[in-house]
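Remarks on the structure that follows.
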Amino acid sequence: MWWWLKARRASTVLAGLIVLSMGLTVWIGGEYVLLPSFFSSSQQAVLTVFLPVPVVAALALSLDSRLAAVEAAAVRRVPARDVLLVLAAIAACLLLAAVLRSATGVSVARNAAFLTGLMLLARPWARQAAVTVPLVWIALVVFFSHRPYPDPDPWTVLPEPAASGHAAVAAAVALVAGLTVLLRARQELS
């Protein structure tokens, strides 16, 4: 187990970027920035929309840093452990948000779950480039949303407040679908 965690860089890269992301969340809070939009002259974008990116990138790196030949011959189910690693990372984000008593942290953890689900759904066909799918979603939210921050479009999910029920459901569905794909994906030797 220890070697698997070490190969996945869970105790170094993943843990460090989770702490960094949640620390920035508390520091930045609900600040927003004006960005250009295709449907209005400018769009108010909450800076925390961008904060799940380090967590998703760390998860992508962790899942891609595998020893393919060793894992193909392993007795233990490696994909199941990968699923547990993803769930532990999202749970760590939620736990840090609860410890820091940050509603913004809860929304960042929810967004990390949503974007991780999107990344995992794209991994079978995009491989390592799947890490760009969350960035594309963020760009769509920022540049193509019709309504600014206080009342964002429901499809955007990311700028929704922490108490938004439909955003939590969307994040849960995306994460479960992504984890199902991760669990069933055939691991190829490289």
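Listed here are the residues, each with its yes/no results for (1) modelled with pLDDT of 80 or more; (2) among the hydroxyl-bearing types (Ser, Thr, Tyr); (3) open to solvent by 20 Å² or more (accessible area, probe 1.4 Å).
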{"residue": "SER41", "(1), (2), (3)": "no, yes, yes"}
{"residue": "PHE50", "(1), (2), (3)": "yes, no, yes"}
{"residue": "VAL55", "(1), (2), (3)": "yes, no, no"}
{"residue": "ALA58", "(1), (2), (3)": "yes, no, no"}
{"residue": "ARG66", "(1), (2), (3)": "no, no, yes"}
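When only residues in region 72-105 that are in contact with a Leu (Cβ under 7 Å, 6 or more places away or on another chain) and more than 19 Å from ALA57 (Cβ to Cβ) count, which is most open to solvent (accessible area, probe 1.4 Å)?
ALA72
If you take the residues of region 170-190 that are among the polar types (S, T, N, Q) and not in a helix (DSSP H, G or I), which of them is modelled with the lowest pLDDT? Outline the logic, then answer.
Restricting attention to region 170-190, the residues satisfying the condition of being among the polar types (S, T, N, Q) are 180, 187, 190.
Add one more test, that the residue is not in a helix (DSSP H, G or I), and what stays is 187, 190.
Working: GLN187: 58, SER190: 46.
The selected residue is SER190.
In the list ALA129, ALA162, ALA167, ALA139, which residue meets the criterion of being modelled with pLDDT under 95 and open to solvent by 50 Å² or more (accessible area, probe 1.4 Å)? Let's see the steps before the verdict.
Numbers: ALA162 fails: open to solvent by 50 Å² or more (accessible area, probe 1.4 Å); ALA167 fails: open to solvent by 50 Å² or more (accessible area, probe 1.4 Å); ALA139 fails: open to solvent by 50 Å² or more (accessible area, probe 1.4 Å).
The match here is ALA129.
Filter region 145-159 down to the residues that are within 15 Å of SER107 (Cβ to Cβ), more than 18 Å from the chain's Cα centre (by Cα) and either crowded, with 22+ Cβ neighbours inside 10 Å or at pLDDT 85 or above (or both) and list them by number.
PRO152
Please list, ordered by first then second residue, the pairs with beta carbon atoms under 8 Å, 6 or more apart or interchain, first in region 42-61 and in a loop (DSSP other than H, G, I, E, B) and among the aromatic types (Phe, Trp, Tyr), second open to solvent by less than 30 Å² (accessible area, probe 1.4 Å) and modelled with pLDDT under 95.
Final answer for the pair search is PHE50/ILE138.
Taking GLY16 as the residue in question, decide whether it is over 18 Å from LEU115 (Cβ atoms), open to solvent by less than 70 Å² (accessible area, probe 1.4 Å) and at pLDDT 80 or above. Lay out the reasoning, then the answer.
Values: over 18 Å from LEU115 (Cβ atoms): yes; open to solvent by less than 70 Å² (accessible area, probe 1.4 Å): yes; at pLDDT 80 or above: yes.
When the stated conditions are applied, GLY16 passes them.
Quick one: would you say LEU120 is aliphatic (A, V, I, L, M), part of a helix (DSSP H, G or I) and at pLDDT below 95? Talk me through it step by step, then tell me what you get.
Values: aliphatic (A, V, I, L, M): yes; part of a helix (DSSP H, G or I): yes; at pLDDT below 95: no.
Considered against the rule, which asks whether it is aliphatic (A, V, I, L, M), part of a helix (DSSP H, G or I) and at pLDDT below 95, LEU120 comes out as no.
The values are calculated or read from the model by the stated rules, or taken from the named source; none is laboratory data. Just so it is clear, the model here is predicted, and its values are computed rather than measured. As a convention, Cβ positions derive from the backbone with ideal geometry for all residues, glycine included, and neighbour counts pool all protein chains shown. The area values use the complete protein model at the heavy-atom level, side chains included, leaving out ligands, DNA and RNA. Shrake-Rupley method; radii C 1.70, N 1.55, O 1.52, S 1.80 Å.
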